[in-house]
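All remarks here apply to the structure that follows.
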Number of protein chains: 2
Amino acid sequence: MTLAQVLFAPRAVALVGASGDETKNTARPQRYLHKHGYAGKIFPINATRPTVLDLPAFKTQAEITEDIDHAFIMVEDVEGALEDCGRKGVPLASVFSDGFADAGAGGAARQQRLVARARELGVRLLGPNSMGMINLTGRVALSVNAILEMDAPPAGSTSVVSQSGTMLGTMLSRGAARGLGFSKMVSVGNESDLGVGELVELLAADPETRLILLFLETVRDAARLAAGARAAHAAGKPVVAYKLGRSKLGERLARSHTGALAGEDRALDAYFRDCGILRVDMLETLIEIGPLLEGRRPPDLTRAPRVAVVTTTGGGAASVVDRLGTAGIETVTPGSDAPITDLTMGKKSASYGAVVGELLEFPGSDAVLAVVGSSAQFHPRHAVEPIIAAAKGRAKPLAVFLTPQADESLALLAQAGVAAFRTPEACADAFHAFFSWKSPQAREKGNPGEWPQDIPIKGRLNEIQALTLFGSLGVPVVQSAVVKAPDYAHTLAYPVALKILSAEVTHKSELGGVIMGIASRQEFDAKVKSLARKGEPLLVQHMETGLAEAIVGYRDDPVVGPLVMVGAGGILAELYNDVVLHLAPVDEAGARAMIAAVKGFAVLRGYRGLPKGDLEALARAVVAFSRLALLAGRPVCEAEANPVVVRDNGVVAVDALVVLKEA
Amino acid sequence: MTLAQVLFAPRAVALVGASGDETKNTARPQRYLHKHGYAGKIFPINATRPTVLDLPAFKTQAEITEDIDHAFIMVEDVEGALEDCGRKGVPLASVFSDGFADAGAGGAARQQRLVARARELGVRLLGPNSMGMINLTGRVALSVNAILEMDAPPAGSTSVVSQSGTMLGTMLSRGAARGLGFSKMVSVGNESDLGVGELVELLAADPETRLILLFLETVRDAARLAAGARAAHAAGKPVVAYKLGRSKLGERLARSHTGALAGEDRALDAYFRDCGILRVDMLETLIEIGPLLEGRRPPDLTRAPRVAVVTTTGGGAASVVDRLGTAGIETVTPGSDAPITDLTMGKKSASYGAVVGELLEFPGSDAVLAVVGSSAQFHPRHAVEPIIAAAKGRAKPLAVFLTPQADESLALLAQAGVAAFRTPEACADAFHAFFSWKSPQAREKGNPGEWPQDIPIKGRLNEIQALTLFGSLGVPVVQSAVVKAPDYAHTLAYPVALKILSAEVTHKSELGGVIMGIASRQEFDAKVKSLARKGEPLLVQHMETGLAEAIVGYRDDPVVGPLVMVGAGGILAELYNDVVLHLAPVDEAGARAMIAAVKGFAVLRGYRGLPKGDLEALARAVVAFSRLALLAGRPVCEAEANPVVVRDNGVVAVDALVVLKEA
């Protein structure tokens, strides 16, 4: 039996702590397995009762003579139950019990011990704090999720991995009401062992799964999830994430809820894009987007997306189109400069399907939006069948928005595999996610060279050390020299800048530790006197001038790993947070795309007739900087070149900061 | 009979162009009036049939012997039908027929003639291009809206005015599915006569209406709508708008659809706020927000709003709270620093209602959010009754979000008047709209003084004229002098700036028409030679320096009327569009709030230890500038002081632009 088999399709399950009291949560797995048609064997484990809900019960797993594929643990003594699993040779245990990493530092330590012991015993773990697994296509409802009170939830080809057990229920329940079914649904709980990434890998290989949805509060193992997403991409299965923690408040809540860092939202955006994971903004989009994606590949667009729109209601279409516009999506109409094709009431309704077909064939559009008014409510077949017929055999993405309450029409469309949206906002969100979807990026394996000699690999580098490191990676850096008492001699041409040389002083200029624009040796000598304390060495640099300033940064993010950042320099750009992130290392095309997304660089792109800056050189500098991610052992925690002076010909880093991981 | 009576509750209606063919749109009003229980008299007007759908038909209205309160015109010859109304003394005609302002310039001219004639005849008009009016509480379904195929749509105390007829249907249909009913629903079409503003006034006075919702594609009469909104506020009836045209694409679509300007979105935001109209971002919020607002007054908060949250599902609560965070809303928990009160599954469910009650009493919160998981689907009464009981008699706003598909729970809450939301996004949107809600602002009636002598009141002012005008309003302006050949004498202290003096040259500095920082008379003489063409006079100004630059602007917007603008100066601020708008005139408190919302002014508020600027003086300058809106006849179309130099003590406008309305 493979891991996928014992997880999704166990032949025999042990329910450790199964209750005979139907009102208790711990009675649910047995009830639900029965209710939803489980064909395998069920062994309730209950220390005090001979039977549990009409099945013979066992005091321990050891009493069971047959093999157990999957144990579902609901008792407080998880450790004892795990030992039983080990003795019995159970390959997988799902742990519903909580009190582990979800419960502070003590719980986290308990969890570490549990996982270590499970590894020794050869038992894989789902959870703790997991609500279990629901396999709708395989009829295995091994879960305490109360949503399983539902009768006959529909099955489908979409699978879900969720860090919130209850939100699995939300998706199942709301999908069912819309005619959208699921295959596997897994509540990962604390992810002590089996995590989101490994589950995505399993689902990428699962023949019943064509699309993978993720409900995330955090990312605990970014590398594994990235690998899973790449495997899913290779298998032609889109992966879609809804992730909480967009706001500081959301981050704080996610942290209090999962005991893990939620991660900075923009870093996660960069991460998802890099792995080829689509990200949706709204919860309902996650439920509804499936048919828009199934069987499709990332559009990898490098220009504004174009949607052709047909509607029987101007206001209804406008409610979607207005939001498409805010997402930078354009509309096109064949042979017309009208923004949409408006088939007003009654006048041309017979030809609605023909228009949809025409738009799906129109080479000028990347996708089609069909909006239908009240007929969707009262004449579902009449309203949606022409759309379904037009969609058949045509590859272009099609989304339908129905303005009234039209459950039957939604179900008909779902059944036919046509994407349909209940709200204009989710519809626009889905288009936005789809058009932003990129293939997973190839990881450039450039050679960063050796760590420069004489540069410490612990602590915080001083500026000259940091500049030397940047230079070794290929970043153009300012001519600098360390000058010392008594004469502070140097050979740099004037004008120069003079700085305190210390790894401790990060805001040197605010503390008066920087003197700019020293024009001559005389002036230099005078300034040296004012700056040098106790004969400390000072840093002298050639004064660089250019058209504008940029900031280039790097950090080894605890959640998503190495990131490179580029942004407009200066205090205003800082206030507007005008920076763009990308997983590091980045290649030149990626760096160019980052630079193109920085608003403030408009001043270097010819805005208002200003002279153009050498943004190609900046892109090369960003690429070079991002090679910090390739250094053996990734010793750098955080680095920044600020400012990087951008000239009409070339760029140069004039200030540098490096913080190493080891103190 | 008042206008409200003949519009909402006519005793007798004429259906001009009523068809006997049930499949036609023109047969609908008669069918719908019957179907939905109209108790008044119906007179079909049909030139060729003796009966229409079992009622005797008339060739013209003249043949009818009884009084007609309201004619519903569906024929192409609208003009002929209007003459009939005039002869018959019908006080109000709703015009479904299109081909007026919705159909280009020719149609717009036809509409003008129609309205002029209607005024002569004493007939008020709803439309053209209106789908009619639905009065659910009064059982008058005088509309072609196909949504009326519905059986027994619920009645309520919310009324709707919509520029899209079909979207009225959307609201009715979706509301009904949720147990939310309506009172009056009016499709205003082209608003040739009766417009949104007058309808809001009528609804403000309507005893059956407690809340007014607007679906807008444009604002055609901002002053009238403002008056309506103020009347509604005075009557204690909240007014909520959903307005399209947030994106350029949406604007373009709205314009193509309504034949009117959609208006700049930020200007409309300022306008709605000023009139006390709440604005929602999502369509579903418009339908769902009612119970959160009914009977409530604007919170007029001047600090971050605080919501107390209770939930039975962490993920469900987080999906709302995360979005509250992005809207700047905080969460609070009594006696705890936890972000929310999380009653995990089963552990404390009995006390859910008690917690809701406690949070509603908690003085530290402005509102309460209650999130319920799967029990809302399977045990609706058990899940929502404790909430309903806790809400009873407590004034604090309460919103409920149910994570699963839970139609019965939603209906129970609707019935009890408790606000409930189907999606986390609409729930957060509603809170955001509620907390942003301000009482209508008092219009300061300051005295702007007289238009300065010697300043033309047509065309474009040159800079010295513009500065003089600003100065006359109380804006501190730079010392300036016009200097002329041959000696270009002046008495200003150096350093000075020298500029070409022309009303035509708006981007003087880009064209080399400005020389800054002239330090002495000698330098001045040299520069004069380089700048003066053909002995033209030049403008000399004292060089002003300060801590940062601001931009202050004014425009008489064609949609919302006079607006004052303040923003951070400089090219980056321009790129980031860091400006804030307010209806003009603005008072000092309003100007202070505007300034506080400009991000770039952080550099004047002590950011990174920088010296603080005199933002009070800037606020006074904004107030003075906004008095342009009070000048008799409002001759100014557009004005800008850019930059306004902000010092540590005072501000001064150093460049000025004024465009007058008359060319």
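The values are calculated or read from the model by the stated rules, or taken from the named source; none is laboratory data. Everything numeric here is computed off the predicted structure, so don't read it as measured data. Methodologically, a virtual Cβ is constructed for each residue, glycine included, from the backbone with ideal geometry; neighbour enumeration extends over all protein chains shown. Keep in mind that these areas ignore ligands, DNA and RNA; they rest on the heavy atoms of the full protein, side chains included. Shrake-Rupley method; radii C 1.70, N 1.55, O 1.52, S 1.80 Å.
Charges only on Cβ, +1 for Lys and Arg, -1 for Asp and Glu: so what's the dipole of the stretch A:554-624 about the Cα centre, in debye to the nearest 20? Working shown, then result.
On the way: 7 positive and 8 negative charges, 68 e Å.
About 320 debye.
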| query | Taking a threshold of 32 Å on the Cα-Cα distance, which of the pairs A:Lys184/A:Lys438; B:Lys243/B:Lys396; B:Lys184/B:Lys396; A:Lys396/A:Lys612 fall above it? | reply | A:Lys396/A:Lys612
| query | Picking from A:Gly314, A:Ala354, A:His379, whose Cα lies most toward the positive end of the charge dipole for the stretch A:298-383 (charges on Cβ: Lys, Arg +1; Asp, Glu -1)? | reply | A:His379
| said: Need one number: % antiparallel among DSSP beta bridges in the protein assembly as shown, to the nearest 5. | reply: 50 percent
| Taking θ as phi - 60°, what are the ³J(HN,Hα) couplings along the stretch B:181-190 by the Karplus curve (6.51, -1.76, 1.60), each to the nearest whole Hz, with x for Gly and Pro? | x, 10, 9, 9, 10, 10, 9, 8, x, 7
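Helix-derived [θ] at 222 nm for chain B: sum -39500 (n - 2.57) over DSSP H runs of at least 4, divide by residue count, nearest 500? Let's see the in-between values first.
Numbers: 22 runs with 219 residues, N = 663.
Value at 222 nm, helices only: -9500 deg cm²/dmol.
So, R0 is 35 Å and r is the distance between the beta-carbons of B:Thr344 and A:Glu662; what FRET efficiency does that work out to, to 0.05?
On the way: r = 40 Å, r/R0 = 1.14.
Working from the Cβ atoms, E equals 0.30.
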| message | Is the C-alpha gyration tensor of the stretch B:237-327 telling us rounded, prolate or oblate? Criteria: a/c under 1.5 is rounded; beyond that, a/b larger than b/c is prolate, otherwise oblate. | response | prolate
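Once you order the gyration tensor axes a ≥ b ≥ c over the Cα atoms, which shape class does the stretch B:1-155 get: rounded for a/c under 1.5, otherwise prolate or oblate by comparing a/b with b/c?
Here the stretch B:1-155 falls in the rounded category.
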| note | Rounded to 0.05, the calculated FRET efficiency for the beta carbons of B:Ile571 and A:Ala235 at R₀ = 41 Å is 0.25
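Going by average Cβ density within 10 Å per residue, which order do the peptides B:108-118, B:163-173, A:240-250 take, highest to lowest? Let's see the in-between values first.
Numbers: B:108-118: 16.6, B:163-173: 27.9, A:240-250: 23.5.
Put in order of decreasing packing, that is B:163-173, A:240-250, B:108-118.
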| said: Using a 7 Å offset from Cα along the direction of the beta-carbon, what are the separations from A:Ala109 to the same position in each other copy, nm, ascending? | reply: 8.9
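Taking every residue in B:596-607, how many Cβ atoms of other protein chains lie within 10 Å of its Cβ, on average? Mind showing how you got there, number by number?
Numbers: counts 0, 0, 0, 4, 4, 1, 5, 4, 0, 0, 0, 3.
Mean shielding count: 2.
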| task | Could you tell me which of A:Leu618, A:Ala568, A:Tyr488 has its Cα farthest along the dipole of the stretch A:486-645 towards the positive end, charges placed at Cβ (Lys, Arg +1; Asp, Glu -1), taken about the Cα centre? | result | A:Tyr488
| message | 7 Å along Cα→Cβ for the label point: how many nanometres lie between B:Glu120 and each equivalent label in the other copies, listed shortest first? | response | 10.2
| said: Tell me the carbon and sulfur percent of the accessible area for the stretch A:603-651, rounded to whole percent, probe radius 1.4 Å. | reply: 44 percent
| task | Could you check the simple spin-label distance between B:Ala354 and A:Asp300, using points 7 Å along Cα→Cβ, in nm with one decimal? | result | 6.1 nm
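Quote the charge dipole size of the stretch A:101-191 about the Cα centre in Debye, to the nearest 20; the model charges only the Cβ of Lys and Arg (+1) and of Asp and Glu (-1). All intermediate terms of the calculation are to be shown ahead of the outcome.
On the way: 9 positive and 5 negative charges, 45 e Å.
That gives a dipole near 220 debye.
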| message | Just to confirm the filter: which trypsin sites (Lys or Arg not before Pro) across the stretch B:271-343 are DSSP coil and have at most 15 other Cβ within 10 angstrom of their Cβ? | response | B:Arg303
| request: Would you please classify the overall shape of the stretch B:460-574 from the alpha carbon gyration tensor, given that a ≥ b ≥ c denote the square roots of the eigenvalues, rounded means a/c under 1.5, and beyond that prolate means a/b larger than b/c while oblate covers the rest? | output: prolate
| What is the sum of charges around A:Gly561, taking Lys and Arg as +1, Asp and Glu as -1, for the other residues whose C-beta is under 12 Å from the C-beta of A:Gly561? | 0
| task | Could you work out how far the C-alpha centroid of the stretch A:335-408 sits from that of the stretch B:212-247, in angstrom? | result | 32 Å
| query | Just how far, in whole angstrom, is the stretch B:427-491 from the stretch A:257-331 if you go by their alpha carbon centroids? | reply | 44 Å
| query | Residues in the stretch B:528-548 near a label at B:Ala493, defined as backbone nitrogen under 13 Å from the 7 Å Cα→Cβ point? | reply | B:542-545
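Can you tell me which of A:606-619, B:204-217 comes out highest on packing, and rank the rest after it, using the mean Cβ neighbours within 10 Å?
Values: A:606-619: 16.1, B:204-217: 22.6.
Put in order of decreasing packing, that is B:204-217, A:606-619.
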| Label points 7 Å out from Cα along the Cβ direction at B:Val482 and B:Ser439: separation in nm? | 4.8 nm
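Partner chain Cβ atoms within 10 Å, averaged over the residues of A:335-341 - can you pull that number for me? Let's see the in-between values first.
Details: counts 0, 0, 1, 3, 8, 4, 0.
Going residue by residue through A:335-341 and averaging, the value is 2.
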| task | State to the nearest 20 debye the size of the charge dipole of the stretch A:351-504 about its Cα centre, where the only charges are +1 on K and R beta carbons and -1 on D and E beta carbons. | result | 240 debye
| said: 7 Å from Cα along Cα→Cβ at both A:Asp77 and A:Leu547: what's the point-to-point distance in nm? | reply: 7.5 nm
| Residue among B:Val651, B:Ala105, B:Ile287 farthest towards the positive dipole end of chain B, charges placed on Cβ | B:Val651
| message | Rounded to whole Å, give me the distance from the Cα center of the stretch B:590-663 to that of the stretch A:164-210. | response | 55 Å
| field | Label distances, nm, A:Thr51 versus same residue in remaining copies, Cβ-directed 7 Å point | value | 7.2
| said: For peptide A:635-643, what's the mean number of Cβ atoms from other chains within 10 Å of each residue's Cβ? | reply: 0
